[in-house]
Amino acid sequence: MFGAQSILYDYLVRLIGTPYRWGGDDALDGFDCSGLAIEFLQAAGQWAKGQDATASGLKEYFKTKGVLQTKAAFGSLVFFGTPITHVGIALNDTFMVEAGGGGSSTTSLDAAKAQNAFVRVRPILSRKDVNSIILPNYPWGVFQ
């Protein structure tokens, strides 16, 4: 990995351990799953404000601005549930970074600690409800 890919990988990995917060969209107050994905996409230049910022909204946005995949690559968005209820960011074809462990009641740091909810690395297949994997059309192409 080199250049932009390396910078984005390092940035994403540095967010691991950030508390989960329902509706959260920043590293200081916490992320929920779509907030984390949008932070990554903004860093990669692939998100315009004003779009539906839910996990389901991300899938709708990228189904025409990305490539549906059968195997994840770094930067792929991995969507879960039917309807879509969760999104993670692939590190490779096996692991993803996700903001998880919390839910709508996780609105404070104390709640995140009590629920062990934070940005973390998990195997993609640790969840049985993978819906789809989409690689956004990054300007530099597929990450290696």
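The values are calculated or read from the model by the stated rules, or taken from the named source; none is laboratory data. Note that this is a predicted model, so its numbers are computed, not measured. Note that we place each Cβ from the backbone using ideal geometry, even for glycine, and neighbour counts take in every protein chain shown. Surface areas here come from the heavy atoms of the whole protein model, side chains and all, with no ligands, DNA or RNA. Shrake-Rupley method; radii C 1.70, N 1.55, O 1.52, S 1.80 Å.
Quick notes on this one:
- Looking across segment 31-53, the residues that are of a type outside the set (A, V, I, L, M), touching a residue at least 40 places away in the same chain (Cβ under 8 Å) and touching an Asp or Glu at 6+ places or on another chain (Cβ under 9 Å) come down to PHE31, ASP32, CYS33, SER34, GLY35.
- Taken over segment 15-34, residues that are surrounded by fewer than 21 Cβ atoms within 10 Å (Cβ to Cβ) and not in a loop (DSSP other than H, G, I, E, B) amount to 2.
- Residues in segment 44-72 that are in contact with a helix residue (DSSP H, G or I) (Cβ under 6 Å, 6 or more places away or on another chain), open to solvent by 20 Å² or more (accessible area, probe 1.4 Å) and part of a helix (DSSP H, G or I): 0 in all.
- Residues satisfying the stated conditions in segment 94-129, i.e. within 19 Å of GLY35 (Cα to Cα), among the β-branched types (Val, Ile, Thr) and under 17 Å from the mean Cα position of the chain (by Cα): VAL97, VAL119, VAL121, ILE124
- Residues of segment 73-89 satisfying the condition of being out of contact with any Lys or Arg (no Cβ under 6 Å at 6 or more places or on another chain), open to solvent by 10 Å² or more (accessible area, probe 1.4 Å) and at pLDDT 95 or above: THR82, PRO83, THR85, HIS86
- The lone criterion from (1) touching a helix residue (DSSP H, G or I) at 6+ places or on another chain (Cβ under 8 Å); (2) farther than 26 Å from ILE7 by Cα; (3) surrounded by fewer than 18 Cβ atoms within 10 Å (Cβ to Cβ); (4) modelled with pLDDT of 95 or more left unmet by ASP129 is number (1).
- Of all residue pairs spaced 6 or more apart or on separate chains, those with beta-carbon atoms under 6 Å, a first member in segment 3-30 that is under 17 Å from GLN42 (Cα atoms) and a second member that is among the basic types (Lys, Arg) and open to solvent by 40 Å² or more (accessible area, probe 1.4 Å) are GLY30/ARG21.
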